[in-house]
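The structure appears right after this line, and notes come after that.
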Amino acid sequence: MEQESTLDTTVRMRIRSLRKARGWSLDNLAERAGISPSQLSRIETGHRRLSLDQLTAIAAALDKTLDELVESPDDSDVVIRPERDERRGLTTWLLSKDDGPQGLTVGKMRITEQAGDVGPEDFGVHPGRDWFTVLSGTIVLYLGERVIRVEAGQAAAFTTMTPHTLRSDRGPAEILMILDRNGERSHFGT
């Protein structure tokens, strides 16, 4: 048998794990996929080449897409790396991918730009609502004419049709945000 690629091994392990997680025997999954149990056993153990038609049938039987079975085994789908914007004093982590539940996005933001003089060019406006909770430090929320301090352990929610911006107060601050699609574009530039 020729040496398998890491992706082949990962796909085989996914099939077996998904089957077992459902409490299905080889016979159960093979019947649902329209293949013989011996073929499925050889697929799972690496004694049979992976074919597209069989993978498609197995994926459908497991209620998964083909993409879900063959996605890359590297760490890019697990490790979330920060995006730094030195000019704006921000480091962001986009925690949800491909639109979270109900089109919402979850992100973490580290803000180092200090509160102080803010001008009209610092404020943003977009349709929707923003929500955040302060994980560490203190955030100064400029919301229209209002200046609101939000400390660690506190949260804020507001309409984003009001001009707004966030700054840290006396040192870096970190927040966890939930945003709609318009907020995601505005705050994360996606």
From the list THR45, THR56, exactly one residue is surrounded by fewer than 16 Cβ atoms within 10 Å (Cβ to Cβ), assigned by TED's automatic domain parsing to the domain that holds GLU68, under 18 Å from GLU71 (Cβ atoms) and among the β-branched types (Val, Ile, Thr). Which is it?
THR56
Residue count, the range 30-41 (criterion: assigned to a helix (DSSP H, G or I) and either closer than 9 Å to ALA57 by Cα or under 34 Å from the mean Cα position of the chain (by Cα) (or both)):
5
Please indicate, with yes or no, whether at least one residue in the range 76-86 is basic (Lys, Arg), at pLDDT below 85 and under 23 Å from SER136 (Cβ atoms).
yes
For ASP27: the one exception among (1) in contact with a helix residue (DSSP H, G or I) (Cβ under 8 Å, 6 or more places away or on another chain); (2) part of a helix (DSSP H, G or I); (3) modelled with pLDDT under 90
(3)
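The values are calculated or read from the model by the stated rules, or taken from the named source; none is laboratory data. From a predicted model like this one, the values you see are computed outputs, not experimental measurements. Positions of Cβ are generated from backbone atoms using ideal geometry, with glycine treated the same way; all protein chains shown enter the neighbour counts.
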